[in-house]
Amino acid sequence: MLQRALCCLFLFGTVAVISAGGKGHISVVLLGATGDLAKKYLWQGIFHLYINEVYKGHSFTFYGAALTPPEKGEELLFNILTSLSCPVDLEPDRCVLLKDQFLKLSSYRQLKTAEHYTALHQDIQRSLSDEGIHEAGRLFYLSVPPFAYADIAQNINGSCRPLPGAWLRVVLEKPFGRDYGSAKKLADDLQTVFREEEIYRVDHYLGKQTVEQILPFRLHNQKHLDLIWNRHHVERVEIVLKETLDAKGRISFYEEYGVIRDVLQNHLTEILTSVAMEVPHNLTNSDDILRAKLDVLESLDRMDQNRAVVGQYQNYLSQVKEEMETKPNYFTSTPTFAAVLVYINNMRWEGVPFLLVSGKALEERSSYVRVVFKDNVFCVQKGENQDPLKDACKPKQIIFHIGHGELGFPAVLVSKGLFKPKLMPSKWQKASELPSTSVFGQPLSDYYVYRPIQDRDAYTILISNIYYGRKGSFITTKNLLASWKFWTPLLESLEQESPRVYPEGSEYGQLLDFAIEDGSLHFVTDEHLEILDVAEKINKFGSPRSTFLGNPMVSDWAEQLIQKLSQDIQAEAKLAIKRSGAFHLALSGGSSPLALFQRLSRHLHGFPWKNTHLWLVDERCVPFSDPESNFGNLEKHLLQHVRLPYVNIHPMPILRNQRLCAEEDMGNQTYAEDISALVGNTSFDFILLGLGNDGHTASIFPGNEEGIKGDSLVLFTESPSRPHQRMSLSLALINKAHKVAVLVLGKGKHDIITLISRAESNPKKWPIQGVKPTSGQLVWYVDYDALLK
């Protein structure tokens, strides 16, 4: 039993009792006390808090709480606490004494019901009364999933608050929602029971020593930075967090959140605010710091997907299937790599690109902030041995090296051509022994390099700040919601984006390199790069095939495939306009074409939109405002971004006489008449089709005799899935086109691709097999995920 091992449940220890006079008692309750985060970091931080504060006036008790029954919980907690380590500068004898006292002051509590919280409160009050000590405050650290916050908050507020005169601090770990709506609901729930000053939202990166140093560095070096920390002198700011680990073991979390929610919306955005905010004169005033951060968040330029590139490491999907036991055809577009371009609309930073970058399964573990200054000097003679203090042509930058990487320790680096910095002498010192490495192409001798005198864990720093009520290191409700308000539109727009697949480790080469162009981001390499013996896998399928079902086939990774298809459409457009003065393009619905729409709108600036007519291959019988509407998606992802004459847009007339797809309204005949009137010989120049898992194409489903063999150009059809009613071009009309493309993306289509490649031709069973242009050409565009097992 833990109580026996720790001597007694409420024994304050000799030192604590002696030092307790006047300041009162503090109870620290860690919920989730036997979890991974608590075991690795939180108990160590709480123990270091005790070591630092035990002689300063307060007395303490520590409670490890969880849902586990007492007997098992006590054993788990005892094993954790006995493995705690002391700071390296603490004398061994004193370490033994303080650790023994800490163990005596710690106990396990099962906190599962309201009665458990009431009992804890009563025990605290009884102990305080027995010892004759008044209460200074209670600290509840919630290292539990966010879904448990509301119930725990109700229990703390209902039966475990300290008496009036003592403070309450409730600490929350991220995630704080996954978008603006969920964050707002969680915040509202908490604010019904806690005051804002009682809530401490932890972002552990704000406890990293280098991140914590950004504001003091800016304040202490204001004389130099006032002149150059602005849009006139800063070329760009890079905020980067790279990881070598993949998402294994956290797959269910990552499937829900992805890299942007996991890292960029919180860690990197918080660092951005520290770099970009106006520095208050008094850094001990938390309100001033938080207000200045909020000003930055509210000045962020509205984000769209043109300012982001995303990727997914190659084994992520297989890990998802393994850990989550998904269906064989499951597909995920969750990004594990993201680079986002952020602009700030204020006088200091207007036009300066802030690049936020993070990824998993990369070649190194490293995190840093890099402020790169403009170089307007040209040196005729550039000698390698010139004095960096005098060489105006050497790059000038300030680097806040957060950790890991080749440098191997937290550091602040300032180019010697800028200025010699001042850092807090009690906490930072000039690095004396430097590794023989370079940083961004420059030897370390080109920098002033400072490192912490003593390495301190982020949670140790944050727990100390919680204890002292320093809220500047935490996230307020206003700041949280302002951040989510900025990030949510981008997250929504990326939901249909296909991330670039990249191999793990150092094999990705230039595949993730990106460039800034006209205020947008794009990957530098569009050409296919060999990834993990792809050729061998293709050969197992039957060779790098150039045909499929007797027709030409183009295959590549999804992004390169979309690029090739968009280029082919542009080439066909130019030929058609040269031939007849107009280009008639018919597009399918569904999720596969969305990446194509986005590519057409962003990258083909020379596309002849003014001579292009857009038609639909099929449509669901829902209002255009419905997320299921094919035309609605076409408008959102393409039409809003290109200059296409209004009269050249031809949605299917599914809504007539205030009714959806009523056969008596003859919307299908009206569309057929429009096609006959405008499209020469009713032969579209280019038709884009998709492929359903049941072999359907357009909205021609298995068994639809009229759509497969009939003479109608446009018809109403019935889908086996909702929404059931559809309108579709028939195969008779599709087969009159000059060129037909079938786009097939994702591992979820592998089975149907394999099936129709082996099955005898039977369009009634597999309507896609009925696509046989009479005088035109059919080309298959199939990505490797669909093609390869």
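The values are calculated or read from the model by the stated rules, or taken from the named source; none is laboratory data. Quick caveat, the model's predicted, so the values are computed rather than measured. No Cβ is skipped: glycine too gets one built from the backbone with ideal geometry, and neighbour counts run over all protein chains shown. Just the protein is used for accessible areas: all its heavy atoms, side chains included, with ligands, DNA and RNA removed. Shrake-Rupley method; radii C 1.70, N 1.55, O 1.52, S 1.80 Å.
Overall size of the stretch 165-234 from C-alpha positions, given as principal axis extents largest first: 46, 35, 19 Å. Heavy-atom accessible area with a 1.4 Å probe sorts D556, D455, largest first, into D455, D556. Report, as a whole number in µm² per second, the diffusion coefficient that Stokes-Einstein gives for the stretch 266-330 at 37 °C and 0.692 mPa s using the Kirkwood radius over alpha carbon pairs. Answer, rounded: 211 µm²/s. Against the chain, whose longest principal axis comes from its Cα atoms, helix 558-580 is set at around 30 degrees. In plain terms, the bigger the Kirkwood radius, the slower the diffusion; for the stretch 390-444, with that radius from Cα pairs, at 25 °C and 0.890 mPa s, Stokes-Einstein puts D at 198 µm²/s.
Listed by chain and number, the lysines whose alpha-carbon sits under 25 Å from that of K40, ignoring those within fewer than 8 places in the same chain, are K72, K99, K104, K112, K174, K208, K242, K248, K360, K427, K471. Computed on the stretch 198-324, with alpha-carbon pairs under 8 angstrom and 6+ residues apart, the relative contact order is 33 percent.
For Cα Rg over 2.2 N^0.38 Å, pick the label among [x] 1.26; [y] 1.14; [z] 1.07 that corresponds to the value derived from the coordinates. Of the labelled values, this structure produces [y]. Couplings 3J(HN,Hα) for the stretch 120-133, derived from phi with the Karplus relation 6.51 cos²θ - 1.76 cosθ + 1.60 (θ = phi - 60°), are 4, 4, 5, 5, 4, 5, 5, 5, 4, 5, 5, 8, x, 10 Hz, where x marks Gly and Pro. Inter-label distance, D568 to Q777: 0.9 nm, where each label sits 7 Å from its Cα along the C-beta direction. Peptides 345-353, 755-763, 698-706, ordered by how many other C-beta atoms sit within 10 Å of their residues on average, highest first, read 698-706, 345-353, 755-763.
Translational diffusion of the stretch 63-115 was estimated from the Stokes-Einstein equation, with Rh taken as the Kirkwood radius over Cα pairs; at 25 °C and 0.890 mPa s the coefficient is 198 µm²/s.
Residues whose amide H falls under 5 Å from that of H404, counting only those 5 or more places apart or on a different chain, are F409, with hydrogens built in the peptide plane. Put F624, F354 in order of accessible area, highest first, and with a 1.4 Å probe you get F624, F354. Within the straight-line cut-off of under 16 Å between alpha carbons, the aspartates and glutamates reachable from K23 are E53, E131, E135, sequence neighbours fewer than 8 places apart in one chain being disregarded. With both residues required to sit in the chain, DSSP beta bridges show an antiparallel share near 50%. Residues in the stretch 225-237 carry Karplus couplings, in order, of 6, 3, 7, 10, 7, 6, 5, 6, 10, 8, 7, 6, 10 Hz; the curve used is 6.51 cos²θ - 1.76 cosθ + 1.60 with θ = phi - 60°, and Gly or Pro positions show x.
Length gained on full extension, E628 to E278: 121.5 nm, using 0.36 nm per residue less the C-alpha separation.
Partners of K485 within straight-line reach, counting aspartates and glutamates whose Cα lies under 14 Å from its Cα and excluding those fewer than 8 residues away in the same chain: D179, D295, E298, D301, D304. Would you mind telling me the share, in percent, of accessible area of the stretch 79-236 contributed by carbon and sulfur at probe 1.4 angstrom? C and S atoms contribute 52 percent here.
Here the Debye sum runs over all C-alpha atoms of the stretch 740-789 as equal scatterers in vacuum, and log10 of I(q)/I(0) at q = 0.25, 0.29 Å⁻¹ comes out as -1.02, -1.15. For the set E363, E115, solvent exposure ranked by accessible area (probe 1.4 Å, protein chains only) runs largest to smallest as E115, E363.
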